[in-house]
C-alpha cells in the first residue's frame, strides 16, 4: 500500500481536524502561560553604580577583579545576610553578586563607572542587598592604594529587572508544541491506518486497475454544492 502523503491529503487532513488542532493549541498555550506566571520561580537582578576615581589611570578590567574579590568576601556577605535577614545562604550570595566595569569607559581615564549587581528570587531583598553592599563596599575600596574617591548611587539609582521566567518565550514555545502535537498525531494515524484512502492504494495492493469510484453520501453532497456554486 502506498503510504506517501501529498499536499492535497495534508490540506484535507488539517481542514477536517482543524477544531482538534485549535483546541490542543489553545490548551497548551494556556498551560505555558500558567506555568510561567504562577508555577515557575521568578528571578530578579538589582543593579546600582559606583564611580571610582584613582590617582593615576588604571585598567578597568584588572581593577574589576580586585573589587570582585572584596565584594565576595565572606565577612562582608555575612554582614549583609544578617543585617537584612536574607533567606539566601552566603554561598548563594557569592554566586549572585558581581561587579562589572562600564565598557564605555576609557582605560586612560582616572574615573571609572562600575555596576554592582545582586541576583535572587526576591525582588525587594535584591534591592536592599545591592544598596547595602554599595554602602559597605565604598569604605573598603577607599582603603586600596591609589583610590582617591568612591561615589555610591545606591539609593538614587537602583534598577531591578526580572530575568526569569521569560513569559512570552515560554508561552510561544508551548503554543508551537501544542500546534505540532495534534498535527503529528493526525499524520501518524493517517500513515499507519491500514484502510484504503485513494484509488492508487487499491491498485498498488491488488495490482488491479480502478474503473470507477462510488462516492459517499457526504462527498456526493459536497460535489453537488460545488457544482451549484460554479453554476451560480
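The values are calculated or read from the model by the stated rules, or taken from the named source; none is laboratory data. This one's a predicted model, so the numbers in the text were calculated from it and none came from an experiment. Cβ atoms come from the backbone with ideal geometry, glycine included; neighbour counts cover every protein chain shown.
Computed quantities for the displayed model
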read-out	value
Test result for residue 161, part of a strand (DSSP E or B), in contact (Cβ under 8 Å) with a residue 24 or more places away in the chain and crowded, with 18+ Cβ neighbours inside 10 Å	no
Among the residues listed as 118, 130, the single one being modelled with pLDDT of 90 or more, surrounded by 13 or more Cβ atoms within 10 Å (Cβ to Cβ) and in contact with a helix residue (DSSP H, G or I) (Cβ under 7 Å, 6 or more places away or on another chain)	118
Count of the range 1-24 residues which are modelled with pLDDT under 80 and assigned to a loop (DSSP other than H, G, I, E, B)	6
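Yes or no, residue by residue, for (1) buried (at least 17 other Cβ atoms within 10 Å of the Cβ); (2) over 19 Å from residue 177 (Cα atoms); (3) in the same structural domain as residue 113 (by TED's automatic domain parsing):
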| site | (1), (2), (3) |
| --- | --- |
| 11 | no, yes, no |
| 21 | yes, no, no |
| 29 | yes, no, no |
| 35 | no, no, no |
| 47 | yes, yes, yes |
